[in-house]
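Presented below is the structure to which this report refers.
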Amino acid sequence: VQLQASGGGLVQAGGSLRLSCVASGRTFSSYVVAWFRQAPGKKREFVALSWSDGTTIYADSVRGRFTISRDNAKNTVYLQMNSLRFEDTAVYYCAVEYYRGRAYYSTEAWGSWGQGTQVTVSS
């Protein structure tokens, strides 16, 4: 599966951005999809997940501010980020091909990754 992420940029604290990730393949509606992020000097961390039925899970640090959604007709998953904080600065990655039985918040549970898109929040 090929993934193409976009939508990152520079934004002031309190602002908003919407990330997009387009996936190849004809069975996108069956995919479990997730967003992770990696700040400089830190490990890649889980941000949000959408199960194939649309049910979502969020990291505590973003719950209530970020929203993951999907448009299966466009093979696209989105991450709407509101009330951005300086600590949200990171490269954001989308992921698919979830290995069921593994912890969804672990990078080892995902088989395909997008190239990443930089989000920089100025304080």
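For the range 1-13, how many residues meet the condition of being open to solvent by 40 Å² or more (accessible area, probe 1.4 Å), modelled with pLDDT of 95 or more and in contact with a Phe, Trp or Tyr (Cβ under 9 Å, 6 or more places away or on another chain)? Number of matching residues: 1.
Looking at the range 49-114, the strands (runs of 3 or more DSSP E) lying wholly inside it that each contain 2 or more residues that are within 16 Å of Cys21 (Cβ to Cβ) and open to solvent by 10 Å² or more (accessible area, probe 1.4 Å) sit at 66-71, 76-81, 90-98, 110-113.
Conditions tested, residue by residue: (1) within 21 Å of Gln12 (Cβ to Cβ); (2) not β-branched (Val, Ile, Thr).
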residue: Ala48; (1), (2): no, yes
residue: Ser52; (1), (2): no, yes
residue: Val62; (1), (2): yes, no
residue: Ser83; (1), (2): yes, yes
residue: Phe86; (1), (2): yes, yes
residue: Tyr92; (1), (2): yes, yes
residue: Ser112; (1), (2): no, yes
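Among the residues of the range 28-40, is any of a type in the set (D, E, K, R), in contact with a strand residue (DSSP E or B) (Cβ under 7 Å, 6 or more places away or on another chain) and not in a strand (DSSP E or B)? Looking through the range 28-40, none of the residues is of a type in the set (D, E, K, R), in contact with a strand residue (DSSP E or B) (Cβ under 7 Å, 6 or more places away or on another chain) and not in a strand (DSSP E or B). Residues in the range 73-99 that are free of Cβ contacts under 8 Å to residues at least 60 places away in the same chain and of a type in the set (D, E, K, R): Lys74, Glu87, Asp88. Where residues in the range 14-28 are loosely packed, with under 14 Cβ neighbours inside 10 Å and among the small types (Gly, Ala, Ser), which of them is farthest from the chain's Cα centre (by Cα)? That would be Gly14. I'm checking my understanding of the structure. Among residues of the range 104-123 that are in contact with a helix residue (DSSP H, G or I) (Cβ under 8 Å, 6 or more places away or on another chain) and at pLDDT 95 or above, which one is farthest from Arg37 (Cα to Cα)? Looking at the filtered set, the residue picked out is Ser122.
The values are calculated or read from the model by the stated rules, or taken from the named source; none is laboratory data. This structure is a prediction, so every number in the text was calculated from the model and none was measured. Reconstructed Cβ throughout: ideal geometry from the backbone, glycine too, with neighbour counts over all protein chains shown. Note: accessible area is taken over every heavy atom of the protein model, side chains too, but ligands, DNA and RNA are not part of it. Shrake-Rupley method; radii C 1.70, N 1.55, O 1.52, S 1.80 Å.
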